[in-house]
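Asker: Here it is, the structure in full.
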Amino acid sequence: MPQKGDNKNQENICSNCDSCRTKHTPRDEKQRRQLQNRLNRMAGQLNGISRMLEENRYCGDILTQVAAVESALQSFGYLILQEHMETCVVEEIRSGNTQIVEEVTELVKKLK
């Protein structure tokens with residue numbers, strides 16, 4: 001487990017725990033806002049599904065909304081993966097850490 005101040009893996013550790021990492025290259029404000037807006041829309045969709053359950057709505061209608069949330073979350077994940085590959089992975093490879101490729105492979109498997 002990396003320790004605070006351990007630069008071996010070039011990880012930034014937060015002051016609250018020993019396992020949180022932050023990006024070396026921060027997201028620009030526009031990109032962060034767009035990602036947050038996507039998350040807010042998905043949260044709204046989930047709340048809508050909850051209301052549909054409370055209203056005893058038709059199963060097919062609920063499933064349609066579930067599919068929409070799943071699709072939105074999948075797209076969100078792919079955007080984060082793309083950003084990860086364009087920033088974090090490139091930085092790690094440039095610094096000589098080719099182990100990052102294994103991490104990316106595992107991340108891609110998780111997103112399928």
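The values are calculated or read from the model by the stated rules, or taken from the named source; none is laboratory data. All values derive from a computational prediction rather than experimental measurement. Here Cβ is always computed from backbone atoms with ideal geometry, including for glycine, and neighbour counts include all displayed protein chains. Note: areas computed on protein heavy atoms with side chains; ligands, DNA, RNA excluded. Shrake-Rupley method; radii C 1.70, N 1.55, O 1.52, S 1.80 Å.
Asker: Using a 1.4 Å probe, how large is the accessible area of Ser50, given in Å² and rounded to the nearest 10?
Answerer: Estimated to the nearest 10 Å², Ser50 gives 60 Å².
Asker: What order do Val66, Val104 take when sorted by accessible area (1.4 Å probe), most exposed first? Don't skip to the end; give the middle numbers.
Answerer: Working: Val66 50, Val104 15 Å².
Ranked list, largest accessible area first: Val66, Val104.
Asker: Through the Karplus equation 6.51 cos²θ - 1.76 cosθ + 1.60, θ set to phi - 60°, convert the phi angles of region 36-41 into ³J(HN,Hα) values in whole Hz; use x for Gly and Pro.
Answerer: These are the phi-based 3J(HN,Hα) values: 5, 4, 4, 4, 4, 5 Hz.
Asker: Give me the one-decimal nm value for the distance between modelled label points at Phe76 and Arg27, 7 Å along each residue's Cα-to-Cβ direction.
Answerer: With each label point 7 Å from Cα toward Cβ, the separation is 1.0 nm.
Asker: Rounded to the nearest 10 Å², what accessible area does Arg57 have for a 1.4 Å probe in the complete protein model?
Answerer: About 100 Å², ignoring ligands and nucleic acids.
Asker: Which residues in region 65-95 have a backbone N closer than 20 Å to a point placed 7 Å from the Cα of Glu102 along the Cα-to-Cβ line?
Answerer: What the label zone holds, given the 20 Å backbone N cut-off, is 85, 88-95.
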